[in-house]
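J.: Following this message is one structure expressed as structure tokens.
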Amino acid sequence: MDWSLLSCGRNGHITYAPDEPELRAQMSASLDEGTAWRCLRCGTFVPGPAAATGPADKAPMVPRGREIRSKAILRFFAIERVIRGLIFVVVAYVLWHYRHSQKSLEHAFDRELSSLHGVLGQFGYNISNSKLVGLLKDALTLSTHTLTLLAAGALLYAIIELLEAIGLWTARRWGEYFAMVATSLGLPLEIYDLTRKVTITAIVLLIINLALVVYLAVTKRLFGVRGGKEAYDARLREESVLEGAREAAARKHPATVATTAARPAAARSAPAAPAAPADAD
């Protein structure tokens, strides 16, 4: 599957006209209906004016190929985080709302639990083995003050999960770090729980969390793994369409392109200084 073409088909092409003549020649093509510009994402030539123009080093860094696939994978984890967050929002609300009426809540809980028992039992899932259900049952016997603290803790956990989801969905660097740190801190507790009682749900959640931590560390090169952020950014630049055009231009005009690439952007865009007047004899 060509993830770049798929993304362009859904979101449109991204074209850019660099100021450097050698790069403009590589990024453009002359057609009967006018000039076409190469898409920075999928690499195809798109008829019509470029969406933006400017120095090559000011061109947007557009995710391509496996980076787009990686974004889709992170969004799967983001959806899972949203589901967790919403569940704990409901738990926090129930604990807070019924903190003064444990008896009535216990009767309502048993009634709803028996209904869910029959529905989920058709799918082979025994809700009585759920750790969350067990925690809620135990919570019904606690004091009002303790229920209030538990509600606050559940709400805090829900906020953390939703922040992880936002960071993963947007594929921001801070979100990837936040998700990795928050998930890693919970792994020892999950492993400890498995040593006390092994359940399918606990195993699945542990596998998901481990997969997320390893995936972020390896593919996003967090915390210096595989060269860290510098190596990650270098790989993105190497895979960019504009970098390929720069290499092609360098083969045709090695001296010009090498000089242009070596000069900083400010120096390339600054006007030339007037020549100093000659000294009079």
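Only the coordinates and a few stated rules stand behind these numbers; no lab work does. Please read these numbers as outputs of a predicted model, since none were measured by experiment. In this analysis, Cβ positions are derived from the backbone assuming ideal geometry, glycine residues included, and neighbour counts consider all displayed protein chains.
J.: Taking other Cβ within 10 Å of each residue's Cβ, how do L236, L189 sort, fewest first? List each step's numbers first, then the result.
T.: Working: L236 15, L189 9.
Going from sparsest to densest Cβ surroundings: L189, L236.
J.: List the equivalent ellipsoid semi-axes of the range 1-64 in whole Å, largest first, each obtained as the square root of 5λ for an eigenvalue λ of the Cα gyration tensor.
T.: Semi-axes, largest first: 19, 15, 9 Å.
J.: Apply 1/(1 + (r/R0)^6) to the Cβ-Cβ distance of V90 and K229, taking R0 = 30 Å, and write down the FRET efficiency to the nearest 0.05. Don't jump to the answer; show the numbers that get you there.
T.: Numbers: r = 38 Å, r/R0 = 1.26.
Taking R0 as 30 Å, the efficiency between V90 and K229 is 0.20.
J.: Rank these for me by crowding, S28, S143, going from fewest to most other beta carbons within 10 Å.
T.: Result, fewest neighbours first: S143, S28.
J.: May I ask you to derive the FRET efficiency for I203 and I83 from their Cβ-Cβ distance with R0 = 22 Å, giving the value to the nearest 0.05?
T.: E(calc), rounded to 0.05, equals 0.80.
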